[in-house]
Amino acid sequence: MAIRKIELYGSPVLREKAQPIQEITPEIQTLLDDMVETMRHAQGAGIAANQVGVSLRALVVDVGAHGDKEELVFLINPEWVHQEGSALVEEGCLSIPKIYEKVPRPEKVRVRALDRHGKPFELEGEDFLCKALCHEVDHLDGILFLDRLTPLKRDVVKRKIKKLIREGEWDDPYPT
Ligand code: NI
């Protein structure tokens, strides 16, 4: 396994619509393992493949992130089955270091995907899992949580980001 470089806000790959995975090859398995290692190293609770520069539809969520035990869920080619309700929940993103904002999301979601062995499954998420699934699936469509803020709020956050960059806070956010 290897820690890969996390693409930061401004990187074009974060804005691409990631491509479906046709076949789960050893390269894909390596990608998934590296995503886990990269996520752990950066102390994240989820990561999408395009955040490590690979424009493919794969993501990992650590469902145990709010407890003390790691519990990884891999989703390949995820698709929404159902979404309901609405909630305002605080989010951060490994690609947007040091920014945390409340984002409107559904309350409950159901997603269909392939697991890391290519087996189809469905997963229902509420609370933390709902937020993580919404956030990571958005990544695969080139959407960042900033896009879901009001234009006014987004402008404020963009100014904060510029300041962080100017002050060197984004130079090496996850030193190895
Ligand atoms: Ni993110």
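With respect to K153, determine if the residue is without any contact (Cβ under 8 Å) to a residue 40 or more places away in the chain, part of a helix (DSSP H, G or I) and surrounded by fewer than 16 Cβ atoms within 10 Å (Cβ to Cβ). No, not satisfied.
None of V54, V61 is closer than 23 Å to L31 by Cα, β-branched (V, I, T) and out of contact with any strand residue (DSSP E or B) (no Cβ under 8 Å at 6 or more places or on another chain) except V54. Scan the stretch 1-34 residue by residue and report those that are more than 24 Å from I161 (Cβ to Cβ) and under 14 Å from the mean Cα position of the chain (by Cα). Correct list: L32 only. Being touching a helix residue (DSSP H, G or I) at 6+ places or on another chain (Cβ under 6 Å), β-branched (V, I, T), over 16 Å from H117 (Cβ atoms) and at pLDDT 95 or above is a condition met by at least one residue of the stretch 12-26. The set of residues in the stretch 39-63 being farther than 18 Å from P78 by Cβ and touching a residue at least 40 places away in the same chain (Cβ under 8 Å) consists of H41, A42, G53. Scanning the stretch 84-125 for residues that are out of contact with any Gly (no Cβ under 9 Å at 6 or more places or on another chain), away from the ligand (no atom under 12 Å from the Cβ) and acidic (D, E) yields E84, E90, D115, E122, E124. Within the stretch 94-117, restricting attention to residues that are in contact (Cβ under 8 Å) with a residue 60 or more places away in the chain and surrounded by 15 or more Cβ atoms within 10 Å (Cβ to Cβ), the residue that is nearest to K160 (Cα to Cα) is I99.
The values are calculated or read from the model by the stated rules, or taken from the named source; none is laboratory data. Predicted model, so just to flag it, every value in this text is computed and none were measured. Backbone-built Cβ (ideal geometry, glycine too); neighbour counts: all protein chains shown.
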